[in-house]
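For reference, the structure is listed below as structure tokens.
We did not get these values from a lab; they are worked out from the coordinates using the rules stated. All figures in this text were calculated on a predicted structure; none of them were measured in a lab. All Cβ positions, glycine included, derive from the backbone under ideal geometry; neighbour counts span all protein chains shown.
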Amino acid sequence: MKVEEKLAKNIVKIDRESHIEIKGEICSNCEKKYCLIVCPGNLYKYNEETNEVTVEHSGCLECGTCMIACVKGAILWRYPRGEYGVQYRYG
């Protein structure tokens, strides 16, 4: 079975409340913005005009890579509330 086929078997229940928070005052001073590179879901977007990073939490794979890669500590990440999030069928 291909990876794409395995991922298609997952069930995602999206929470209206985001489990990812970006501290804008810290993030705006970060030059590297690793979150834009490391997220496997490509959920982080940078707006050059406002110098803001935003995230679309509904596609999060819950790997936490963004939090680890954020060297400034601007990303607060936690698992989604109970009953929400990704249910993996193949690890």
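Computed 3J(HN,Hα) for the stretch 29-34, one whole-Hz value per residue from the Karplus formula 6.51 cos²θ - 1.76 cosθ + 1.60 where θ = phi - 60°, is 8, 8, 7, 6, 6, 4, glycine and proline marked x.
Any idea how many Lys pairs in the stretch 6-54 come in under 15 angstrom at the alpha carbon, given 8 or more places apart or on separate chains? Qualifying lysine pairs in the stretch 6-54: 4. Using the Cα coordinates of the stretch 19-70, the gyration tensor eigenvalues translate into equivalent-ellipsoid semi-axes of 17, 11, 10 Å, sorted from longest to shortest. Rounded, prolate or oblate: which fits the chain, taking a ≥ b ≥ c as square roots of the Cα gyration tensor eigenvalues, rounded meaning a/c under 1.5, else prolate when a/b beats b/c? Here the chain falls in the prolate category. The packing ranking of peptides 23-32, 36-45, highest mean first, is 36-45, 23-32, where packing means the average number of other beta carbon atoms within 10 angstrom of each residue. 3J(HN,Hα) along the stretch 60-70, derived from phi through the Karplus expression 6.51 cos²θ - 1.76 cosθ + 1.60 where θ = phi - 60°, amounts to 5, 8, 6, 8, x, 4, 4, 5, 5, 6, 6 Hz, with x in place of Gly and Pro.
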